[in-house]
1. Within the stretch 92-109, does at least one residue satisfy the condition of being under 22 Å from residue 156 (Cα atoms), in a loop (DSSP other than H, G, I, E, B) and touching a helix residue (DSSP H, G or I) at 6+ places or on another chain (Cβ under 8 Å)?
2. What number of residues within the stretch 161-184 satisfy the criterion of being assigned to a helix (DSSP H, G or I) and either free of Cβ contacts under 8 Å to residues at least 40 places away in the same chain or of a type in the set (Phe, Trp, Tyr) (or both)?
3. I need the full set of residues from the stretch 50-88 which are more than 31 Å from the chain's Cα centre (by Cα), at negative phi and of a type outside the set (Val, Ile, Thr), in order please.
4. Can you tell me which residue is nearest to residue 26 (Cα to Cα) among those in the stretch 146-160 that are surrounded by 14 or more Cβ atoms within 10 Å (Cβ to Cβ) and free of Cβ contacts under 8 Å to residues at least 40 places away in the same chain?
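The values are calculated or read from the model by the stated rules, or taken from the named source; none is laboratory data. Note that the structure is a prediction, hence the values are computed from the model and not measured. Virtual Cβ from ideal backbone geometry, glycine too; neighbours counted across all protein chains shown.
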Amino acid sequence: MRRIQPIVVLLALLLCAAAWGADGPPPILPSQFAGWQMKDSVTKSTDPSSADATNAPVLREYGFERLESASYIRNDGRKLAVKAAVFNDASGAYGAFTYYKTPIMLNEKIGGQASSLNNRVLFYQGNVLVDAVFDKLSVMSAAELRELASVIPGPAGNARNLPTLPTYLPKESYQKNSAKYILGPVTLDRVGSPLSSPMVDFKSGAEVVIGKYQAKAGDSTLMLIEYPTPQIAAEKLRQIDASHQATKQQSAGSPSLIDVAPFFDKRTGPIIVIASGPLAMSEANSLLGAVSYEADVTWNENTYVTKKDNLANLLFNVIVLCGIVVGVSLVAGLAFGGFRILMKRLFPERVFDRPDDMEIISLHLGDTLEQAARRR
């Protein structure tokens, strides 16, 4: 009977795991929040085309996993349609948010970041991108979505970390909502880039962020490409410069070709910075100089002082060790002295201080002097 019981428990656990795997992961969208009640059950799909048929390849590059859709209703009759796209990590959700965000949108304080346009609100929370469409807005709509964002579960571990590359974009002359965080060639080609996707080489682990900046002669583009190591970035920069120089010479030798737009670049650590557009030399140098790589070191070990590293504890142990050495010396001295005294009492002049061992050579100088005096 004792052997059968573990087998039964194991089978029950396997059945539970199989049932959970058939239903899939738990839903992201809640059944109710801030007075909104889910009208029907959640619709799930792992096909990115269900989220956006036109930009399905873009969603794949950002690590799309699944989509959840639901309709909500309030007692006053208002309706709300919500789509929640789940990505592999927070970087994917953030990148998709920047892809869909447009300059005419208004920034909102919902979740990680949010933007709104008319009745539509777009925000991300963790690795989830939420697209909410109200039939009628109210003064509490933003607060209601903030409550929704607070109940969306976040990813675990490093999947919750946002990319650091967009933080290197300069703020001066930046055009609002123009930054695009890019993880693949399809997205790069669709947003427009001063550099082609083969030159970027996403297979080497590149990440890209592009922002628009206001210049005196028009709009310019600042492109940041981060590679895993500075060595890879240095090699890629040499290839970019060689390709641009060849294109420039070809354009100069063929009047039918359009002149190549101004192009400036530099490298800072593992990041290649490219400025393109109608930029004067001073404007380009200002943009390039505003980007400076700073290494971010993460210390994963405990930083508290242990007993081994505590100086006071070390001094205390030294004092204790000295006391132990002095104590051992005293005990050894008393033991040797006591043993010697005991032996002398039990065996006098037989073990220690024997007469044979106590004899010394005597010159008798006193006797010799007396004899010499008598002779005189």
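1. no
2. Result for the stretch 161-184: 2.
3. 50, 53, 70, 71, 72, 74, 75, 76, 78, 79, 80, 81
4. 149
Per-residue answers, yes or no, for (1) surrounded by 15 or more Cβ atoms within 10 Å (Cβ to Cβ); (2) part of a loop (DSSP other than H, G, I, E, B):
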site: 26; (1), (2): no, yes
site: 29; (1), (2): yes, yes
site: 50; (1), (2): yes, no
site: 66; (1), (2): yes, no
site: 76; (1), (2): no, yes
site: 82; (1), (2): yes, no
site: 85; (1), (2): yes, no
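Every residue, every condition in (1) under 22 Å from residue 98 (Cβ atoms); (2) under 22 Å from the mean Cα position of the chain (by Cα); (3) not assigned by TED's automatic domain parsing to the domain that holds residue 93, yes or no:
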site: 190; (1), (2), (3): yes, no, yes
site: 196; (1), (2), (3): yes, no, yes
site: 230; (1), (2), (3): no, yes, yes
site: 240; (1), (2), (3): no, no, yes
site: 244; (1), (2), (3): no, no, yes
site: 278; (1), (2), (3): no, no, yes
site: 283; (1), (2), (3): no, no, yes
